[in-house]
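The values are calculated or read from the model by the stated rules, or taken from the named source; none is laboratory data. If you're wondering where the values come from, they're calculated on a predicted model, not measured in any experiment. Don't worry about glycine lacking a Cβ; one is built from the backbone with ideal geometry, like all the others, and counts go over all protein chains shown.
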Amino acid sequence: MRIFRIVGLSALGCALALSALLSGFAASAADKYRVIYIAPQLNNSADIVIGRNWQEVAQNLGMEAVLKNAETDAKREADEWATAIALGYDAIVGGPVDSFAATINVQKANAAGIPVFMLGRTSAGGKVELIARADNISLGTIAAEELVARIIEQRGEASGKVLELHGPMDQVNARQRSEAIQAVLAKYPNIELIRKLQHWTPEEFFDITKSVASSNDLVGITMGSDVIPGIDAALDSIGQLKKIGDPDHIVLSGIDADPRILDLMGEGMWDVSALQDMVGYGTILAHYIKDYLDGKYKISSAGPIDNPGAPYHGIEARWSEDTEGWEIQTPSRPVDQSNYTDPTLWGNAIKRYQ
């Protein structure tokens with residue numbers, strides 16, 4: 001009997017110790033901020049880097065960071081937002097599939113008292129504490145100016161037909177990039193711009209490029225994003241993918257500087273891309289969210305941000321009337337054969353997530 005009593009007391013002690021340990025883990029987890037990023041998609045290199053980098057940085061800052069995939073479906077995105085609101089996350093980060101439809105999601109989070117942030121893309125309305133993204137006007141401007149410069153270099157003048165593959169105009173990023181491209185090309189009356197809408201699918205990139213290039217003598221192609229494959233394959237299928245320096249080369253200018261595009265630059269097949277810093281603005285936003293939730297820092301005025309030691313220090317803050325909050329934009333620069341191997345480019349840094 002005494003043996004059984006000792007064993008029983010020992011088992012009871014272990015159970016109490018285990019219970020205390022689990023309670024300690026629960027308390028530790030409860031001390032962490034719970035934040036979630038509902039990504040528009042995670043099926044291309046750009047969105048994978050944005051999402052995984054944000055999550056990694058947020059976790060390194062001590063937050064419980066969850067990553068969800070809307071799979072380019074506004075209905076699924078709304079469901080993910082509804083679930084996040086019901087679970088009472090400390091903050092929600094969005095990257096809307098549809099900027100206008102996302103406004104309802106943001107307003108629901110506002111009503112629940114959950115602060116909202118945006119990464120890469122933004123909603124058309126609702127209250128968003130901070131939007132961190134690239135300067136889309138700068139991206140479009142660089143892509144177009146670099147395109148024109150290379151057309152002049154190759155042909156001696158800025159003339160001929162240029163195909164622009166632009167995204168849906170209900171997406172803020174797509175609209176701003178396209179408007180910037182058009183503004184630059186409008187300065188050259190001898191350039192004829194052929195604009196074609198696509199919805200960020202490889203099939204559309206391939207089919208539209210092949211159709212337009214087959215029936216027009218193109219001197220250049222530019223696009224709202226080069227992370228979607230299809231353009232080089234389409235040109236190759238009709239014998240129009242020529243190396244830089246070939247008199248029949250069609251100048252190719254994109255936005256983002258996707259890893260595949262960097263490889264094409266190395267092969268001499270792709271001219272230039274305006275860099276979108278996928279790593280930079282995810283890092284910036286994760287740090288800002290932590291500072292915001294800690295009550296250590298909030299942007300309160302327009303102009304260069306003064307918070308020494310923070311990765312967003314010195315970046316200019318702008319007020320966004322549409323989302324009643326602040327916006328910071330990371331700078332851009334051209335990527336071409338002169339710097340495509342730079343290890344700091346997100347297209348090269350993606351190897352850590354593969």
Say whether the condition of being outside any loop (DSSP other than H, G, I, E, B) and modelled with pLDDT of 95 or more is met by at least one residue in the stretch 3-25.
no
Of all the residues that make up the stretch 242-282, how many are modelled with pLDDT of 95 or more and hydroxyl-bearing (S, T, Y)?
2
Of the residues E316, E267, E203, only one is surrounded by fewer than 20 Cβ atoms within 10 Å (Cβ to Cβ), touching a Pro at 6+ places or on another chain (Cβ under 7 Å) and more than 18 Å from L147 (Cβ to Cβ); which?
E316
Can you give me the number of residues within the stretch 275-293 that are over 11 Å from I328 (Cβ atoms) and among the hydroxyl-bearing types (S, T, Y)?
2
Which one is farthest from the chain's Cα centre (by Cα) among residues in the stretch 278-313 that are among the polar types (S, T, N, Q) and buried (at least 16 other Cβ atoms within 10 Å of the Cβ)?
N307
How many residues of the stretch 319-329 are of a type in the set (S, T, Y) and either farther than 30 Å from E145 by Cα or in a loop (DSSP other than H, G, I, E, B) (or both)? The answer is 1
Conditions (1) more than 30 Å from A124 (Cα to Cα); (2) charged (D, E, K, R); (3) surrounded by fewer than 17 Cβ atoms within 10 Å (Cβ to Cβ) -> D232 fails only (3)
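The rows are residues; the columns are (1) among the aliphatic types (A, V, I, L, M); (2) over 18 Å from S332 (Cα atoms); (3) touching a residue at least 60 places away in the same chain (Cβ under 8 Å).
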{"site": "L139", "(1), (2), (3)": "yes, no, yes"}
{"site": "I151", "(1), (2), (3)": "yes, yes, yes"}
{"site": "D170", "(1), (2), (3)": "no, yes, yes"}
{"site": "I191", "(1), (2), (3)": "yes, yes, no"}
Tally the residues that are out of contact with any helix residue (DSSP H, G or I) (no Cβ under 9 Å at 6 or more places or on another chain) and either small (G, A, S) or not assigned by TED's automatic domain parsing to the domain that holds G167 (or both), restricting the search to the stretch 215-240.
2
Name every residue in the stretch 321-354 that is surrounded by 12 or more Cβ atoms within 10 Å (Cβ to Cβ) and over 24 Å from A143 (Cβ atoms), in order of residue number.
D322, T323, E324, G325, W326, Y353
For the stretch 152-199 the number of residues that are within 28 Å of the chain's Cα centre (by Cα) and either in a helix (DSSP H, G or I) or surrounded by fewer than 18 Cβ atoms within 10 Å (Cβ to Cβ) (or both) is 24
Report yes if I250 is touching a helix residue (DSSP H, G or I) at 6+ places or on another chain (Cβ under 9 Å) and within 28 Å of A39 (Cα to Cα), otherwise no.
no
Yes or no: the stretch 330-347 includes at least one residue that is part of a helix (DSSP H, G or I) and touching a residue at least 12 places away in the same chain (Cβ under 8 Å).
yes
